[in-house]
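Read the figures in this text as sums done on the coordinates, not as results from a lab. Small disclaimer: the values here were computed from a predicted structure and weren't measured. All Cβ positions, even for glycine, are placed from backbone atoms using ideal geometry, and neighbour counts span all protein chains on display.
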Amino acid sequence: MDFKTYNLENGVKVKYTYRNSIPIVYITVLIPASPLDESKPSQAYLTAQLLTHGTKSRSAKDIEDAIDFLAISIEKKVTADFTALTLSTTKRHLKEAVALFFDILKNPTFPEEEFKKELSILDNSLRQMDKEPSYIAGKKFLKALFGEHPYGRPIEGEAELLKDLKREDIVNFYERFYKPDKMIFSIIGDLTEKELEELLETHIKSWEGKSPDRAIFAPKFIKREKPLEIFVKRDDLTQSTIVLGFEGISRKDQDYYAFSVMNYLLGGGGLTSRLARSIREEQGLAYSIYSIFSPYLMPGDFHIEVKTKTENTKKVIQMIVKEIEKMKKEEVTEEELKEAKSFLIGSFPLRIDTMKKISEFLCVVEFYGLGDDYAAKYPEYIERVTKEDIKRVAERFLNTDSYIVVVVGKNL
Amino acid sequence: MKKFAIVLFFVILFPLMGFCEIKEEKLKNGLKLIVIEDKASPMATFQVWYKVGAIDELEGKSGISHLLEHLMFRGSKNYPGNVFSKIVQSHGGVDNAFTTKDYTVYYQKFAPQKLHVSIDLESDRMVNLLLSQEDFELEKKIVLEERRQRYEDSPESLIIEEVIGAAFKAHPYRKPVIGWTEDIERITLDDVAKHYQQYYCPNNAFIIVAGDVNSDEIIKSIREKFEPIPSCQKNPERRLLYEPKQYGERRVILKRQTHLPMLVMAYKVPAYPDKDSISLEILSTILGEGKSSRLYRKLVREKSLAVDISTSNSPLSRDGFLFFIVAYIKEQDKIEEAEKIIKEEIEKLKNEKPEKKEIEKAKNQVEASFLFSQDSAFGHALFVGRFEILGNWRMINQYREDSLKVTEDDVQRVVQKYFKNDNLTVGILIPE
């Protein structure tokens with residue numbers, strides 16, 4: 001993948017790719033600010049949301065009108081480790097779109113009235129989500145695993161805690177963390193180098209400011225003697241939603257690639273994974289079953305989620321534990337290893353098969369320090385993984401003695 | 001949908017200009033091939049579209065197209081056993097399928113040099129599906145779990161299903177794609193085999209390939225494997241579609257465990273090539289797409305009655321469907337007020353034409369969504385396919401021209417014509 005990197009004097013890093021196949025442009029900015037930096041839950045999420053609710057020269061309505069009229073979009077994504085905003089625009093409206101994008105980024109005013117409106121919408125949305133089985137199970141699981149660590153709460157926060165939040169909390173969060181020195185930009189599309197230079201001059205180079213170093217702490221995992229079972233009773237449900245999991249891996253861990261292959265075989269590989277084969281394909285006990293892990297700056301979680309009709313709950317939990325045990329005890333077969341590698345290597349380009357995906361990908365690669373040659377090196381990283389590595393990471397991470405299992409449903 | 005990992009969200013996209021060359025070829029057995037040469041994409045997509053969906057299903061057999069879609073992954077003569085996805089993934093590809101009310105699509109995404117895998121697998125299961133009793137029983141169980149997950153335990157989907165069911169009394173669109181539980185339980189393997197024989201014919205299907213491919217070469221490879229498949233002796237039977245006149249507004253009230261009450265209003269509207277469908281698309285942008293839309297402004301921003309509100313229209317249906325207005329209301333005792341305000345906004349459009357700037361905004365969005373859709377080879381192929389389902393993908397150009405011609409008067413006229421109580425079904429979801 002061809003791209004240029006610009007390291008500007010104010011600390012900003014810019015990744016740039018010229019593509020003129022379609023007259024559109026994407027700009028992503030990654031800001032190293034997330035729940036890890038919060039003094040109160042919801043700060044990171046609401047700060048990002050409220051950027052488009054008023055600037056020194058534009059009201060919230062002006063901004064909404066402009067976004068819809070120019071047919072642009074500004075997507076806001078807050079993850080456990082960072083915030084990212086992506087602007088999508090046609091070439092025709094590039095100038096107005098870019099001006100708007102940098103205005104919301106540099107000059108937001110967070111009007112009190114807008115803050116209250118957004119808070120009320122968030123409160124209702126969170127209460128709505130608190131009725132959804134998957135959300136409830138995931139939330140209870142993360143809380144049990146991480147305790148008070150920020151990785152242990154939903155990114156959006158919790159409805160009950162919103163009353164403590166004031167406009168000043170948002171302003172303070174913005175003032176501290178939305179500084180250019182650690183920002184990573186990615187610009188891709190129908191924009192020439194000359195146009196890029198102009199954009200950097202007008203909007204980025206003269207932007208000054210330093211954010212404090214992030215005071216972030218690794219989660220402390222509580223040692224348990226036996227599995228922790230959490231049951232949330234919901235008589236209206238016909239299925240149990242089961243989330244079973246434990247401590248996972250950090251993105252910086254040496255075993256990341258071996259873990260990826262192991263997860264693919266256990267439950268990450270769609271219908272061909274061991275869990276999907278045994279629980280869905282061979283017995284018809286579920287429609288959806290998968291395992292997933294969150295490789296953050298620090299160890300995130302690993303979990304399996306499945307939905308099955310109430311009476312199968314216990315049976316399915318036992319089957320999951322059995323599959324995890326097998327992964328720990330026995331080496332995977334040659335055939336499995338070969339197929340997993342072919343899939344992970346062969347399908348990697350799907351992560352960067354559109355300009356939009358490339359735009360976000362370049363920022364994230366830079367943020368986690370994966371290297372400019374990451375896409376080129378990925379096949380090598382995966383090829384290196386051996387059967388022994390997989391057994392070793394399975395033994396290191398997979399927990400069959402003191403996992404956490406949450407069930408949301410009618411009965412256990 | 002066979003698998004659960006990929007969520008497809010269909011946005012109605014309108015092309016204004018294409019940046020890729022599209023080639024078309026028809027094989028002797030009636031199978032049409034459409035190739036989109038997209039040199040910018042590192043991955044290619046292979047899609048087989050069958051012109052069959054819930055709209056074609058007989059009474060008592062709802063969900064049969066979707067059940068067959070699941071069984072299409074359980075093995076064919078030259079690839080017996082549950083090996084399709086395994087083969088695709090071991091070549092570094094992903095695969096899936098989905099069934100709608102109008103059609104069924106199977107697809108893979110591969111590096112372009114791996115498309116031969118798609119050709120081998122899809123040509124075999126087009127004609128040689130095995131359909132064992134054991135697989136049939138298993139997939140039925142899986143589909144029933146899917147139904148529990150997507151509908152029984154999801155009040156938001158359930159209210160939509162109920163509204164659609166109430167809006168149509170005779171038209172097959174009243175039935176859900178996944179089927180009623182009772183029908184799924186009673187469908188037999190013989191029913192599925194007949195359905196497969198009747199609709200999975202080369203003359204009732206087409207293939208779309210998109211990506212960095214050479215059209216001539218890929219067409220040659222497809223021809224080799226697909227042309228020997230015999231066409232069906234007669235074209236699949238199409239049912240006579242009709243919906244009797246509606247008298248009076250219809251209402252459905254559903255009580256479930258949820259936090260936000262939901263208000264759903266659905267008006268029966270025509271589909272393309274009826275030009276009203278395009279004016280209704282423009283109306284949807286003005287009324288309920290984006291935060292500057294009229295209903296969002298009024299109900300969310302000004303009155304603070306709703307958390308969210310949006311509208312949607314399906315102009316590319318095989319037959320006329322519904323124009324939806326969906327709102328999440330903050331308080332149960334505000335539902336009535338919200339409905340009253342929505343109806344006032346509709347009345348306002350009947351009396352005063354929309355502003356020129358609103359029409360221009362809608363047209364800007366038309367242009368942008370078309371351009372952005374081409375960022376993805378897969379999305380581009382889906383878009384082209386949806387026109388081919390209506391008869392010919394080249395209708396895209398006509399559709400584009402028609403969209404750009406829509407005037408303030410057209411928008412006002414369609415509001416007057418279709419937004420009447422005798423054409424309306426309302427659904428209300430109340431927290432229990």
**OP:** Out of the residues in the range B:350-381 that are crowded, with 21+ Cβ neighbours inside 10 Å and aliphatic (A, V, I, L, M), state the one that is nearest to the other protein chains (Cβ to nearest Cβ).
**Re:** B:ALA368
Subject >> Selection from the range B:104-134 of residues that are β-branched (Val, Ile, Thr) and under 26 Å from the mean Cα position of the chain (by Cα) >> reply: B:THR104, B:VAL105, B:ILE119, B:VAL127
Original post:
Could we say that B:GLU137 is surrounded by fewer than 17 Cβ atoms within 10 Å (Cβ to Cβ) and within 14 Å of chain A (Cβ to nearest Cβ) here?
Top reply: yes
**OP:** Could you list all residues from the range B:64-83 that are buried (at least 17 other Cβ atoms within 10 Å of the Cβ), away from chain A (no Cβ under 12 Å) and out of contact with any Gly (no Cβ under 9 Å at 6 or more places or on another chain)?
**Re:** B:LEU68, B:GLU69, B:LEU71, B:MET72, B:SER76, B:TYR79
**OP:** Could you check, for the range B:149-159, whether at least one of its residues is in a helix (DSSP H, G or I), within 30 Å of B:ILE428 (Cβ to Cβ) and among the polar types (S, T, N, Q)?
**Re:** yes
**OP:** Give the range A:249-275 a look and list any residue that's at the interface with chain B (Cβ under 9 Å from one of its Cβ atoms) and among the small types (Gly, Ala, Ser), or say none.
**Re:** A:GLY269, A:GLY270
**OP:** Name every residue in the range A:246-272 that is in a helix (DSSP H, G or I) and either under 20 Å from the mean Cα position of the chain (by Cα) or within 24 Å of A:GLY147 (Cβ to Cβ) (or both), in order of residue number.
**Re:** A:TYR256, A:TYR257, A:PHE259, A:SER260, A:VAL261, A:ASN263, A:TYR264, A:GLY267, A:GLY268, A:GLY270
Original post:
(1) basic (Lys, Arg); (2) over 24 Å from B:ILE219 (Cα atoms); (3) away from every other protein chain (no Cβ under 14 Å): which one isn't true of B:LYS86, the others all being true?
Top reply: (3)
Original post:
Only one of these conditions is not met by B:GLU146: (1) more than 25 Å from A:LYS309 (Cβ to Cβ); (2) facing chain A (nearest Cβ under 10 Å); (3) outside any loop (DSSP other than H, G, I, E, B). Which number is it?
Top reply: (1)
Original post:
In this structure, is B:GLU281 within 24 Å of the chain's Cα centre (by Cα) and assigned to a helix (DSSP H, G or I)?
Top reply: yes
**OP:** Please enumerate the residues belonging to the range A:87-129 that are among the hydroxyl-bearing types (Ser, Thr, Tyr) and either in contact with a helix residue (DSSP H, G or I) (Cβ under 6 Å, 6 or more places away or on another chain) or within 25 Å of A:ASN172 (Cβ to Cβ) (or both).
**Re:** A:THR89, A:THR90, A:THR109, A:SER120, A:SER125
Subject >> Residue list for the range A:191-242, restricted to those being closer than 20 Å to A:TYR26 by Cβ, assigned to a loop (DSSP other than H, G, I, E, B) and out of contact with any helix residue (DSSP H, G or I) (no Cβ under 9 Å at 6 or more places or on another chain) >> reply: A:THR192
**OP:** Kindly establish whether A:SER291 is within 23 Å of A:LEU142 (Cβ to Cβ), in a strand (DSSP E or B) and of a type in the set (S, T, N, Q).
**Re:** yes
Original post:
What residue, of A:ASP190, A:ASP235, A:ASP213, A:ASP164, is within 14 Å of chain B (Cβ to nearest Cβ), acidic (Asp, Glu), surrounded by fewer than 16 Cβ atoms within 10 Å (Cβ to Cβ) and at negative phi?
Top reply: A:ASP235
